[in-house]
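Just below is one structure, and these are the notes that go with it.
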Amino acid sequence: MTVGDLAVPVEVALLERALAWTGGRLATVEPHHLALPTPCAGWTLEQLLAHMEDGLDAFSEAAAGFVVPLPPPRLPEHPVPLVTVLQAKACALLGSWSRPTLPAVRTGSAHLAAGTLVATAALEITVHGWDVAATVDARRPLPPEDLARALLPVAGAVVTPQDRPHRFGSPVPPAPTASYAARLVGFLGRRP
């Protein structure tokens, strides 16, 4: 099954699960964690959170039918804690994709079906949730198996060789008995 074959309600449910799981990871962030290095090479947790905020903004703009720019990461400028901002924007994102008709979206020169973009948002949110977890928790909790299993075909469809090594690292080969979650994280260039 390709991402484009999924019905939008399926993707919105997938997005909701991704946001819920990642929200739990964000709840563990403390101010002293912000300077820690993340699995994203060269990024601190503060920079990763700023990137996550940009992503939430872009996915929300897409739901409104706007052309989605692909901005570089920036440091936050908010007087409130960035995690609080992310939580509010995550709720708004889910609400914006939960309406009856959704637009096709243009990102740069590419046009994407709404379902593809929503599934991509779920993937992005989940992998960065894992990045947050790996930064603040030595146990590196993996996403739930059902979420990871649903996101593996999305990752295979949207992460191309051109995305490596700039957006994602080289895939980490899974162990023969690896879980879906370990396979997903490894496919996206992280060591589970």
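The values are calculated or read from the model by the stated rules, or taken from the named source; none is laboratory data. Not measured: the values here are computed from a predicted model. Cβ atoms come from the backbone with ideal geometry, glycine included; neighbour counts cover every protein chain shown. Accessible surface areas use protein heavy atoms only, side chains included; no ligands, DNA or RNA. Shrake-Rupley method; radii C 1.70, N 1.55, O 1.52, S 1.80 Å.
Side notes on the structure shown:
- Subset of the range 153-192 [under 15 Å from the mean Cα position of the chain (by Cα) and of a type in the set (Phe, Trp, Tyr)]: 168, 187
- Criterion (open to solvent by less than 20 Å² (accessible area, probe 1.4 Å), closer than 23 Å to residue 40 by Cα and at pLDDT 90 or above) met by exactly one of 154, 136, 118: 154
- Residue 143 satisfies every condition listed in (1) part of a loop (DSSP other than H, G, I, E, B); (2) surrounded by fewer than 17 Cβ atoms within 10 Å (Cβ to Cβ); (3) in contact (Cβ under 8 Å) with a residue 60 or more places away in the chain except (2).
- In the range 159-189, the qualifying residues are those that are over 16 Å from residue 144 (Cα atoms) and charged (D, E, K, R), and the one that is least open to solvent (accessible area, probe 1.4 Å) is 163.
- Residues that are without any contact (Cβ under 8 Å) to a residue 24 or more places away in the chain and either more than 15 Å from residue 87 (Cβ to Cβ) or outside any helix (DSSP H, G or I) (or both), drawn from the range 12-33: 13, 32
Results for (1) of a type in the set (A, V, I, L, M); (2) modelled with pLDDT under 85, shown as yes or no for each residue.
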position	(1), (2)
85	yes, yes
100	no, yes
112	yes, yes
123	yes, no
126	no, no
163	no, no
169	no, no
174	no, no
179	no, no
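- Tally of residues being open to solvent by 40 Å² or more (accessible area, probe 1.4 Å), at pLDDT 90 or above and either over 26 Å from residue 133 (Cα atoms) or among the hydrophobic types (A, V, I, L, M, F, W, C) (or both) across the range 2-22: 1
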